[in-house]
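Visitor: Structure provided below as structure tokens; questions to follow.
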Amino acid sequence: MLLRVLGTAAGGGVPQWNCACPGCAGARRHPARRRLHDGLAVRSAHAGDWFLANATPDIAEQLESHPGLRPDAGRERTPVVRVVLTDAELDHTLGLFRLREASRIDIWCTPPVHRALTARLSLGEVLSPYTTLNWHELPLTGTASPADIGGLHLGAVPLSAKRPRYAADEPAHPAWSVALSIHDPATAKTALYAPALAAWSDRLTDAVAESDCVLIDGTFLTDDEPRRTGFSRRTASAMGHLPIDGPHGTARRLRGSGRQILYTHLNNSNPLVDPDDPAHERLAGLGLGVAADRTVVHL
């Protein structure tokens, strides 16, 4: 399996257009620190077709950043695009509108995400003059056979019932936000992608144990980070993101696992957006890392 990390930032990217915090200011001074919205491109170990995990507002720039994803003289100008969604948040779905030049877009998602995108964002109605949308239900792990996408087997691990703000009055459902479990039968390797994590569960513990590589929510380093930096009056966990550090943080659960663990979805307030921050060295001592844009993982 081949994973191309297209971006590693939380909503707004780094720098965020309306922000002059230390993280954003540092990214403006040092272009190498810039981060696009978090997302992945995934392909089987034996070539085959790519699919995207989430479609962000900067999806076109993300695709251009990887030569293997660009069109060339021997490839279709308007290819079929495959997208698997972890949730219905705008930062993970607005890129679908930018992919309208595709001849067809195949989309895998859970039922509440499908309803939000069609009933609230009118995705099908808006895009129908441009392209064809094919919808597929993303099965929950342990309840149905996994989806087969380009020779890879995909299932969803429910993470959160948190709805997007634009769909706040939609019915409750445990799979508004999910992690993607991606298994390559050719290599027997499994990757887990969980960019938004509100609470830890036994199902997630099992999914991590079954994975060779885990890319997981690193939005905030500490629980008080949003309050301390003036980003929000709420804590990180109250905003639906478990912090990395602290007694209830993800680092204590993931340290020393022997697996490749990479944090992604970093907010601009997170000290980890600075590659020289000492928190990087401390996490490395725990066997944990931070994904960078354009990272390539071979499994």
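Visitor: Specify which labelled value, from (i) 21.5, 70; (ii) 18.2, 54; (iii) 19.2, 56, agrees with Rg and Dmax of the Cα atoms in Å derived from the coordinates of the model shown.
Guide: Given (i) 21.5, 70; (ii) 18.2, 54; (iii) 19.2, 56, the calculated one carries the label (ii).
Visitor: Which of Val42, Val296 comes first, and how do the rest follow, when ranked by fewest Cβ neighbours within 10 Å?
Guide: Val296, Val42
Visitor: For the residues Phe51, Phe231, what sequence is obtained by ranking on other C-beta atoms within 10 Å, fewest first?
Guide: Ordered by Cβ neighbours within 10 Å, fewest first: Phe231, Phe51.
Visitor: Would you work out which of Gly230, Leu262, Leu127 lies farthest towards the positive end of the dipole of the chain? Charges go on Cβ: Lys and Arg +1, Asp and Glu -1.
Guide: Farthest towards the positive pole: Gly230.
Visitor: Moving to a separate point now. Quick one: net charge around His114, please, counting Lys, Arg +1 and Asp, Glu -1 for every other residue with C-beta under 15 Å from its C-beta.
Guide: -3
Visitor: Also, I was wondering about something else. Starting from the 7 Å offset along Cα-to-Cβ, what nm value, one decimal, do you get for the label separation of Glu210 and Gln260?
Guide: Between Glu210 and Gln260, the simple spin-label model gives 2.0 nm.
Visitor: What's the long-distance tail for the stretch 1-151, i.e. % of Cα pairs beyond 28 Å?
Guide: 23 percent
Visitor: Please figure out what share of the DSSP beta bridges in the chain is antiparallel and state it in percent, rounded to the nearest 5.
Guide: 50 percent
Visitor: On to the next question. For the residues Ile261, Ile59, what sequence is obtained by ranking on other C-beta atoms within 10 Å, fewest first?
Guide: Fewest-to-most ranking of Ile261, Ile59: Ile59, Ile261.
Visitor: Each label point is 7 Å from the Cα along the Cα-to-Cβ direction; what then is the distance between the points at Glu101 and Thr143, in nm?
Guide: 3.8 nm
Visitor: Can you give the charge dipole size of the chain about its Cα centre, rounded to the nearest 20 debye, using +1 on the beta carbon of Lys and Arg and -1 on the beta carbon of Asp and Glu?
Guide: 420 debye
Visitor: Okay, moving on. Quickly work out the Asn134-to-Arg115 label distance, labels modelled 7 Å from Cα along the C-beta direction, and quote it in nm with one decimal.
Guide: 2.6 nm
Visitor: If I model the stretch 139-249 as equal point scatterers sitting on the Cα atoms and use the Debye formula, what is log10 I(q)/I(0) at q = 0.21, 0.23 Å⁻¹?
Guide: The Cα Debye sum returns log10 ratios of -1.13, -1.25.
Bear in mind that the values in this text are calculations on the coordinates, not laboratory data. All of these numbers come straight from a predicted model, not from anything done at the bench. Ideal geometry is used to build each Cβ from the backbone, glycine not excepted, and the neighbour counts take in all protein chains shown.
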